[in-house]
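Worksheet for the structure shown next.
Readers should treat all values here as calculations from the given coordinates under stated rules, not as data from a laboratory. These numbers come from a predicted model, not from an experiment. All Cβ positions, even for glycine, are placed from backbone atoms using ideal geometry, and neighbour counts span all protein chains on display.
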Amino acid sequence: MTILQLISARVQAALAAAGAPDASANVQPASKPEFGDYQANGVMAAAKQLKTNPRELAQKVLAVLDLEGIASKLEIAGPGFINIHLNPAFLARRAETALADEALGITKVDAKKVMVEYSSVNLAKEMHIGHLRGGIIGDALVRVNSFIGHNVVRQNHVGDWGTQFGMLVAYMVEISKSGQADLELKDLDTFYKHSKKRFDEDTAFADTARDYVVKLQSGDAEVLKLWQQFVKLSLTHCNAIYQKLGLQLNDDDVRGESFYNDDLPVLVEELRQKGLLVEDQGAQVVFLDEFKNKEGEPAAFIVQKQGGGYLYATTDLGAIRFRVNKLGLDRCLYVVDSRQSLHFQQLFSTARKAGWLPEEADFQHIGHGTIMGPDGKPLKTRSGENVKLVELLDEAVERAFQLVTSKNPELPEAERRQIAAVVGIGALKYADLSKSRNTDYIFDWDAMLSFEGNTAPYLQYAYTRVQSVFRKAEDFDPAAKVLITEVAEKQLAVVLAQFEDVVFAVADSSQPHHLCGYLYNVATLFSRFYEACPILKSEGQVRASRLQLAALTAKTLQSGLGLLGIEVLDAM
Ligand code: ARG
């Protein structure tokens, strides 16, 4: 059980015994040290419900509250808050348990089958800054959910289908004849622009392109082969980025829109039979009363265009059917830009109405905001183009290299480069993950690469500082007892004991910034402990115990950053 669950359960039981069985314990980490380590704030609401005096109810609760061995002091504050001071011996045992376990003593959950769908790029173009957040957040959610014991499936729902692929394949065939394909395909954006130009300017080319689309969708073997070549090449570009960014995605995780092609006519027919389809200006539409357009009319979710073509919405319905029926998912997290929020609301609503998405299946759009430039508008290059992701990543590493060089000019260059990759990519990821995912943020190289404040370099540096203690310590007993006597020791032990709760909260809310705030807190409280409680200069059991607290700090920082997809270094 997590520490929060443990205390909550005990307070809950006491509330019940005091005559308020339906009240919520509302236990939280204390907001200030003078309020102890945890506060139970549920008494006031319970008293209101029972129409009784809150302080009197608090007295009754306290009389039966059993925190034997867990708390060393309980007190009532203000109108009926209960302040809980944890028992140092209890904290010491928790620390020892965490130290002895690879996974820091985390309770494994009831394993569910969880899909995290992320990145999901359109393969026609090169990856750009708009793909950064989803990739980073999705990867962190994969790691967190796996860590607590879920059975996690990664999914890259790439856009590999639709009319533009006819155009791209036609262009690929054309330039292959002149032997230029390899060269042009090195830069997907230019390739796309050139093929679009051909499409717009040459009607014969446009006809071929349209012909290819028809052939593609009807399964013509030759055109399919060409299309596969193009898809494979685009994925090579993506994989290079995933690797640079340290994302876990690989080819096995790709299941593109094309995969659902055969199911599209079937599912549209099923919608028709269920009476959910309306023909509107030649298109097949599901009208959803709960979503109104600007005119106040029910919004239309188009599943088939006039002329018979299928759309983004249709493949997404196919994907839901597959994920529920074939994969048997309990939970599916769609990590996609918040600007697609209406699409997902309509998608889930349609799927539920059609009976394809059962009540208990927890499918959610995990939306994220946009990365902004200093002018408060979506970040672009000076010439107004999308910032290519590969260039952004290279710049992050290069800037980190300058920084490392200025701090440690004497290190061999190869080593500085190695450090720079970890620091640069870590800084970029952390800057993103430390913000609430729902909001936009302004991109700022200096802030993310700073060694002060809530940044990756600060945390990575904190980790190396602990490592340097161990390099000097020489003797270290990994089985030594933890003893907690000083305030700084206790505060550090309390925060270390909260790791499990924070990780569960992140899994629950899909909000990685809670973990960032937590790790920053760990590093800060370690600094305080380090200043107040000499480690290497102390002796005997005290020294051994302080080394244990330092070891658990390092382990927590490493695991926590690891869950965010960020590496640590022994020295930097
Ligand atoms: N390929 C889409 C885009 O770039 C994102 C796909 C998101 N996932 C989904 N199941 N619709 O906008």
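At-a-glance table
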item: Gain in span if fully extended, K326 to V278, counting 0.36 nm per residue against the direct Cα distance; result: 14.4 nm
item: FRET efficiency estimate (nearest 0.05) - Cβ-Cβ, E201 to Q418, R0 56 angstrom; result: 0.70
item: Values of log10 I(q)/I(0), in the order q = 0.14 Å⁻¹, for region 386-500 under a Debye, Cα-only, solvent-free model; result: -0.77
item: Restricting region 15-88 to GluC sites (Glu not before Pro) in coil, as DSSP defines it, with at most 14 other Cβ within 10 Å; result: E68
item: 22 Å Cα-Cα reach of K555 towards lysines, excluding residues that sit fewer than 8 places from it in its own chain; result: K108, K429, K472, K481, K490
item: Beta bridge orientation in the chain: antiparallel %, DSSP, nearest 5; result: 55 percent
item: Listed peptides 481-494, 528-541 by packing density, highest first (mean Cβ within 10 Å); result: 481-494, 528-541
item: Ordering of 549-558, 190-199 by packing [mean C-beta count within 10 Å, highest first]; result: 549-558, 190-199
item: Helix-only [θ]222 nm of the chain, DSSP H runs n ≥ 4, -39500 (n - 2.57) each, per residue, nearest 500; result: -17000 deg cm²/dmol
item: For region 1-85, the fraction of alpha-carbon pairs in successive 5 Å shells from zero, as %; result: 3, 17, 31, 28, 15, 5, 1
item: Qualifying lysines (Cα of each under 26 Å from Cα of K294; at least 8 residues distant if same chain); result: K305, K353, K377
item: 28 Å Cα-Cα reach of K177 towards lysines, excluding residues that sit fewer than 8 places from it in its own chain; result: K125, K186, K193, K196, K197, K215, K225, K232
item: Length added when fully stretched, T464-N239, from 0.36 nm per residue minus Cα-Cα; result: 77.9 nm
item: Whether the chain is rounded, prolate or oblate, judged on the alpha carbon gyration tensor where a/c under 1.5 counts as rounded; result: oblate
item: FRET E, pair Y312, A13, Förster distance 60 Å, beta-carbon r, rounded to 0.05; result: 0.75
item: FRET efficiency, E359 to L6 (Cβ-Cβ, R0 41 Å, nearest 0.05); result: 0.85
item: DSSP-assigned coil residues among GluC sites (Glu not before Pro) in region 392-435, each with at most 16 further Cβ atoms within 10 Å; result: E410
item: Amide H contacts under 5 Å for D337, placed H, 5+ residues apart; result: H368
item: In order through region 554-571: 3J(HN,Hα) via Karplus (6.51 cos²θ - 1.76 cosθ + 1.60), integer Hz, x for Gly, Pro; result: 4, 5, 5, 5, 5, 5, x, 5, x, 5, 8, x, 10, 8, 10, 10, 6, 8
item: Model label zone, D22; criterion: amide N under 13 Å from point 7 Å along Cα-to-beta-carbon; scope region 42-74; result: 46-51
item: Length-normalised contact order for the chain - Cα pairs under 8 Å, 6+ apart - percent; result: 15 percent
item: Label-point separation in nm, V109 to K177, each point 7 Å along Cα→Cβ; result: 5.6 nm
